[in-house]
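Some notes on the structure that comes next.
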Amino acid sequence: MNASDRQALNRLIAYLKPHLGLIIGSLVAMAIVAAAETSIPALMKPLLDRGFTGEMNDKLWLVPVFLVGLAFIRSGAQFLSNYLLTKVISNVLLKLREQMFTRLLHAKTEYYQKNTASNLINAVVFEVNNVLSIMGGMLISLVRDLLTVIGLMGYLLYLNWRLTLVVLIIFPIIAFVMSKINKRLRGLNRQQQSMTSELAYIVEEAAAGHKIVKVHGGEDYEMQRFMDKADRLRQFTLKAAVAGGLNQPITQLIASMALSLVLVIAIMQSASQGVTVGGFAAFITAMLLIISPLKHLADINQPLQRGLTAAEMIFQLIDQPIEEEDIAQSKLKRLERAKGEIRFDNLCFSYDQEDGRKDALRNINLDIKPGEVVAFVGPSGGGKSTLVNLLPRFFKPKSGRILLDQIPIEEIVLADLRKQIAFVSQDVILFNDTIAANVAYGSNAKDGIDRGRVVEALEAANLSNLLLELPNGIDTLIGDNGNRLSGGQRQRLAIARAIYKNAPILILDEATSALDSESERQVQEALERLMVGRTTLVIAHRLSTIEHADRIAVLDHGEIVEYGSHQELIAKNGLYAGLHRLQFSDTNT
């Protein structure tokens, strides 16, 4: 076992320490099982030596009674050990999942860009179960089976140390075989893990894009992708099964060869040293009993390798840096409610700063007063969404800084910073919950959801008619990402969520893009009422929606190339005026 494997194993063992009492109880029960196993051949010897002499022996009648009693004790102890161990593992599994999901929620945005959703789901939901198998399998095999082997081996030495030496040859041979198989298994398990995540990603894509798949007749293509990946996963699974499955038959073969050699030696000893039938039968029984726990110890290799591979993925997630460490948080400033003054000070940003890629934003300098409405327009890829994503600290700038109420945002407690911001994106994200829960999402009010405010927010977002159509009103479930609503209704529900939050800063990223003309007009009126007294940053491609903004920033290739009111920019006859004329001519056409 290499250093990384030992480190992962030590970390797993650390999770067991809080459950030491349950573990000790399980170990005691396992020891009883092992002792019961060892007692069986010990009872065989007097039964065979003195029980078949043709004379009645009252004491020998106790042997069958003891055997039945041992069976009861062994069964009860085995049940108790399994129950206690399952309880420990279930608690540890819950703790691991809690830590993984907590870290997932607080991981940096870059982590989500580097990992697919299916990969993360696979780690949190499925791979952690492999850790369950390694912890359970190892504890059972390394304790109960190991104690059984030690007990039976001690009894074998007591009965006939010469024959026992022959049995001991098994161990180094099995260890050698396992060491050869380990390396092969580890590589196969990593490939199998990666292939499982890729297969899950194909399913995720097909499910999310089912409309595109159907309209474009992509069923055969998606099926081919799925089957190619599933077949490769099948091949890796078979290879892993072959490599892991070699342990048990090889163990049995070696044990059978040792047993045959023991029989030959025992027959020779019986002629010269007077070995009794009972002694020989007890030895053979003990040796046969030792084969099963030996096989279990050999079989632990495959789940061990699979579990260690899974542990790597789990601890990789748990070790991900979070957005704001607790130590740093104690030095940060609290902010109850911001006035809304925002300043971008010589800001530069690149998505992949290590590769020296061209900056997505360069030398952004902008002062926004409290309550101002500032719109960002320009060609696609100009940096509009990137700029507003820096305000909630989804990313860190390469250089320069952003100030909120004259405080650098990195000096504000992250939760307090984001409490000041309501965000409506063109990519609407809704949750498979009720309308009320989606509108009041993230609310920490002691009395729960303010249903009155929810209704007011929905009315402001022009969703009053929807409430009248639904039998359960705001308690209606909306389905996966709101799939029971129309596109316009989903967009308006996201707007209602921003209205409910009542934050001093409002970010609108194409917030009205999915609305028809009439709904857009009504929602635009609601948004204009909402903007009063709030600092609003608006990203828009339809310039007609931002003509009344206080100021408009035109971004192109990551730089602000024009800045001013609608009338000022039209008068400059620059990029903004060209975009406006183009859209106006398209509208007239």
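The values are calculated or read from the model by the stated rules, or taken from the named source; none is laboratory data. Here the structure is a predicted model, which means the values were calculated and not measured. Cβ coordinates were reconstructed from backbone atoms using ideal geometry, including for glycine residues, and neighbour counts include every protein chain displayed. Ligands, DNA and RNA are stripped out before the accessible areas are found, and what is left, the full protein with its side chains, is counted by its heavy atoms. Shrake-Rupley method; radii C 1.70, N 1.55, O 1.52, S 1.80 Å.
A count restricted to region 1-35 and to residues that are modelled with pLDDT of 85 or more, open to solvent by 70 Å² or more (accessible area, probe 1.4 Å) and not in a helix (DSSP H, G or I) stands at 0. Scanning for something on the phi > 0 side of the Ramachandran plot and touching a Leu at 6+ places or on another chain (Cβ under 9 Å), does region 421-439 turn up at least one residue? Within region 421-439 (the criterion being on the phi > 0 side of the Ramachandran plot and touching a Leu at 6+ places or on another chain (Cβ under 9 Å)), the answer is no, since none of the residues qualifies. In a residue-by-residue description of region 408-417, the property of being open to solvent by 50 Å² or more (accessible area, probe 1.4 Å), more than 21 Å from residue 348 (Cβ to Cβ) and outside any loop (DSSP other than H, G, I, E, B) applies to at least one position. Note on region 477-501: residues that are assigned to a loop (DSSP other than H, G, I, E, B) and open to solvent by 20 Å² or more (accessible area, probe 1.4 Å) total 4.
Yes/no per residue for (1) modelled with pLDDT of 80 or more; (2) within 30 Å of residue 243 (Cα to Cα):
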| residue | (1), (2) |
| --- | --- |
| 86 | yes, yes |
| 93 | yes, yes |
| 105 | yes, no |
| 111 | yes, no |
| 126 | no, yes |
| 139 | no, yes |
| 144 | no, yes |
| 178 | no, yes |
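In region 261-332, counting only helices (runs of 4 or more DSSP H) that sit wholly within it, the ones holding 2 or more residues that are surrounded by fewer than 20 Cβ atoms within 10 Å (Cβ to Cβ) and modelled with pLDDT of 70 or more span 277-299, 301-318.
Filtering region 393-407 to residues that are in contact with a helix residue (DSSP H, G or I) (Cβ under 8 Å, 6 or more places away or on another chain) and open to solvent by 30 Å² or more (accessible area, probe 1.4 Å) leaves 393, 394, 396, 397, 398, 401.
Condition (residue is under 30 Å from residue 442 (Cα atoms), touching a helix residue (DSSP H, G or I) at 6+ places or on another chain (Cβ under 7 Å) and assigned to a helix (DSSP H, G or I)) applied to region 102-109: is it met by at least one residue?
Taking region 102-109 and keeping what is under 30 Å from residue 442 (Cα atoms), we get 102-109.
Now drop any that are not touching a helix residue (DSSP H, G or I) at 6+ places or on another chain (Cβ under 7 Å), which leaves 103-104.
Narrowing the set further to residues that are assigned to a helix (DSSP H, G or I) leaves 103-104.
The answer is yes; a qualifying residue exists.
How about region 367-382: which of its residues are surrounded by fewer than 22 Cβ atoms within 10 Å (Cβ to Cβ) and in a loop (DSSP other than H, G, I, E, B)? Of everything in region 367-382, those that are surrounded by fewer than 22 Cβ atoms within 10 Å (Cβ to Cβ) and in a loop (DSSP other than H, G, I, E, B) turn out to be 369, 370, 371, 372, 379, 380, 381. Looking only at residues in region 418-433 that are touching an Asp or Glu at 6+ places or on another chain (Cβ under 7 Å) and open to solvent by 70 Å² or more (accessible area, probe 1.4 Å), the one that is farthest from residue 541 (Cα to Cα) is 432. Number of residues in region 533-586 that are part of a strand (DSSP E or B) and either open to solvent by less than 30 Å² (accessible area, probe 1.4 Å) or of a type outside the set (Ser, Thr, Tyr) (or both) equals 16.
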